[in-house]
Amino acid sequence: MRLKLISCEVLFREMCDACAHSPHQVDPEFLPKGLHDLGGKPMAKKVQEAVDRTPEGVFEAILLGYGLCGNGLDGLTARHTRLVLPRAHDCIALLMGSRERYQRYFERNPGTFYRSTGWLERGKGLQQLTHDTRGFDESLEALIRKYGEDNGRYLYQEMTRYRSHYRKLTFIETGLEAGGKFIAEAAAEAQENGWSFERLPGDLAWLRRLVEGDWAEAEFVVALPGQRIMASYDNGVLRVQA
């Protein structure tokens, strides 16, 4: 099969590794992590534009390297080529290998902030993707330049207030870290915020099944031309609407 992959750049290393091991020809395209900063509907519009740019009759499927991502994939429509999307809320579940594993960890470790190679390389400024991230990519210095000293500091304090809800930072190791730089950076971030730190082995099998064409209904939603991918607000995360 020839497959088109449209993925968030936060998963760049992991998706490239999965594509390299796929028996199929996969043509990847990575979209900026800043799309999450737009909010649900504007993000969905940008992803839809990437889907619509894909030429007709070339690929057997368009794969989406995303989760639901704060409803950022809600309403996505398959035009001429079927769409395949993992039934995940966000990339944290994808990096852990399953919704069930993520749910168990989440319940046993409340107040946890997550990092991975992609989160540190490309998404560090974002709040966790299950939340509204608009504006959270601005540094203190950028806000001061834009709004002045007092207003900039006030806005930065308000936009980073969410960090007070976290008590732990977990770094998801996928085996693609290329040295200890990312682990050390994550550990330093945890120490800076007064959080505990844990290294958790990731699992790339879910991402590999995406690019290998192993799309079991329990793990993936497949929308045929003319159908839309919708949030289901249940354990299945996503559903297809004609």
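Observations on the model:
- Amide H contacts under 5 Å for Val237: Ser232, restricted to partners 5 or more places along the chain or on a different chain, H placed in the peptide plane at 1.01 Å from N.
- The HN-Hα couplings worked out from phi for segment 72-87 by the Karplus form 6.51 cos²θ - 1.76 cosθ + 1.60 (θ = phi - 60°) are x, 10, 5, x, 4, 10, 7, 8, 10, 9, 5, 10, 10, 9, x, 7 Hz, whole numbers, x standing for Gly and Pro.
- Taking each of Lys4/Lys41; Lys33/Lys168; Lys4/Lys33; Lys45/Lys181; Lys46/Lys168; Lys146/Lys181 in turn, the alpha-carbon distance tops 26 angstrom for Lys45/Lys181; Lys46/Lys168; Lys146/Lys181.
- Whole-Hz ³J(HN,Hα) from phi, Karplus 6.51 cos²θ - 1.76 cosθ + 1.60, for segment 46-63, glycine and proline x: 5, 5, 4, 4, 5, 4, 6, 6, 5, x, 6, x, 9, 10, 7, 6, 9, 8
- Antiparallel bridge percentage (DSSP; both residues within the chain; nearest 5): 30 percent
- Segment 62-110-segment 1-53 distance, computed between alpha-carbon centres (Å): 12 Å
- The GNM of the chain, with springs linking C-alpha atoms under 10 angstrom apart, assigns the highest mean-square fluctuation among Arg87, Arg115, Arg101 to Arg101.
No lab work stands behind these numbers, since they all come straight from the coordinates. Please read these numbers as outputs of a predicted model, since none were measured by experiment.
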